[in-house]
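To start, the structure under review is shown below, and the notes come after it.
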Amino acid sequence: MASAPERNRVTPLGEIVAIPLRGAWTGNRGILHSGHEIVRTHASDLWLTCRLEFRGRWREQWLPHRYTHLYFHDEAVSFAAGHRPCGECRRADYVRYRDGWAEALDVAPPSARAMNRQLHAERLAGRRRRLHELPWTELPDGVFVLREDRPALVVDGGLTDWTTSGYGPRHALPRRGTAQVITPPATIAVLRGGYPIEIAATAH
């Protein structure tokens with residue numbers, strides 16, 4: 001009999017859930033667990049997306065006083081949740097993201113701490129998820145929105161539903177009006193500038 005999934009998968013809305021959906025990326029928000037139980041949603045404003053493998057390193061999960069391993073279906077989900085590339089195991093992606101941020105927002109290349117602060121303000125309003133109302137025409141591929149109160153991905157000129165089983169039906173992308181956007185605006189600016197975000201093939 002297959003074991004029940006652990007509560008360490010992340011949805012586009014940033015929720016930490018127990019679902020069997022496999023992750024293409026790992027990451028963390030600090031120490032969130034006691035035993036095998038998630039007891040907080042984050043420990044600081046440092047939310048990272050990491051490679052599943054890096055230089056042969058391996059560490060048991062759920063260790064006391066060590067960060068909680070989280071898993072993301074694809075990079076688009078991790079960005080929607082409010083994470084950014086890790087500066088160690090994903091150095092090239094981190095630099096690309098940082099430099100894209102600077103160019104898109106017309107600022108000097110930001111420090112990791114500055115990006116963390118801004119992303120934290122854009123993903124949360126107190127303890128609640130912050131959404132952003134933006135024109136449909138301004139959303140590049142890789143951005144998550146709410147469609148009928150559920151996450152959907154902008155990709156290939158349309159919308160693809162995301163479920164706890166993966167990507168589902170596709171829909172036409174509205175050409176007028178505004179969307180309730182999940183992905184933080186700073187990350188949207190990076191994507192609009194051409195950051196090559198990884199999206200699961202099933203979304204297309």
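Read-outs: derived from the displayed coordinates by stated rules, not from any lab. Bear in mind that the values here come from a model prediction, so they are computed numbers and not experimental data. Cβ coordinates were reconstructed from backbone atoms using ideal geometry, including for glycine residues, and neighbour counts include every protein chain displayed.
Under a Cβ-Cβ cut-off of 11 Å, what is the net charge of the residues other than residue 24 that fall near it, where Lys and Arg count +1 and Asp and Glu count -1? Let's see the in-between values first.
Working: positive: 22, 51; negative: 74, 75, 198.
Residues near residue 24 contribute -1 overall.
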Around residue 89, which amide H atoms from residues at least 5 apart in sequence, or from another chain, sit under 5 Å from its own amide H, with H modelled in the peptide plane?
-> none
Given a cut-off of under 8 Å on Cα pairs at least six residues apart, what relative contact order in percent is computed for the stretch 1-99?
-> 32 percent
Which residue fluctuates the most in the chain, going by a Gaussian network model with Cα springs under 10 Å, if the choices are 156, 74, 99?
-> 156
Would you pull out the residues with amide H under 5 Å of residue 173's amide H, same chain only if 5 or more places away, H placed 1.01 Å from N?
-> 159
Residue of 148, 37, 15 that the Gaussian network model of the chain assigns the largest fluctuation, springs spanning Cα pairs under 10 Å = 148
In order over the stretch 147-157: 3J(HN,Hα) from phi, Karplus 6.51/-1.76/1.60, θ = phi - 60°, whole Hz, x for each Gly or Pro, gives 10, 6, 6, 10, x, 9, 9, 7, 7, 6, x
Note on the stretch 9-90: alpha-carbon gyration tensor, axes a ≥ b ≥ c; rule is a/c under 1.5 for rounded, else prolate if a/b larger than b/c, else oblate; result rounded
Classify the chain as rounded, prolate or oblate, taking a ≥ b ≥ c as the square roots of the eigenvalues of its Cα gyration tensor: rounded when a/c is under 1.5, otherwise prolate if a/b is larger than b/c and oblate if not.
-> oblate
Rg and Dmax of the stretch 1-43, Cα atoms only, in Å | 10.8, 34
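From the Cα gyration tensor of the stretch 64-120, with a ≥ b ≥ c the square roots of its eigenvalues, which class applies: rounded if a/c is under 1.5, or else prolate if a/b is larger than b/c, or else oblate?
Values: a/c = 1.90, a/b = 1.66, b/c = 1.14.
Verdict is prolate for the stretch 64-120.
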Relative contact order (%) - criterion: Cα under 8 Å, at least six apart; region: the chain = 21 percent
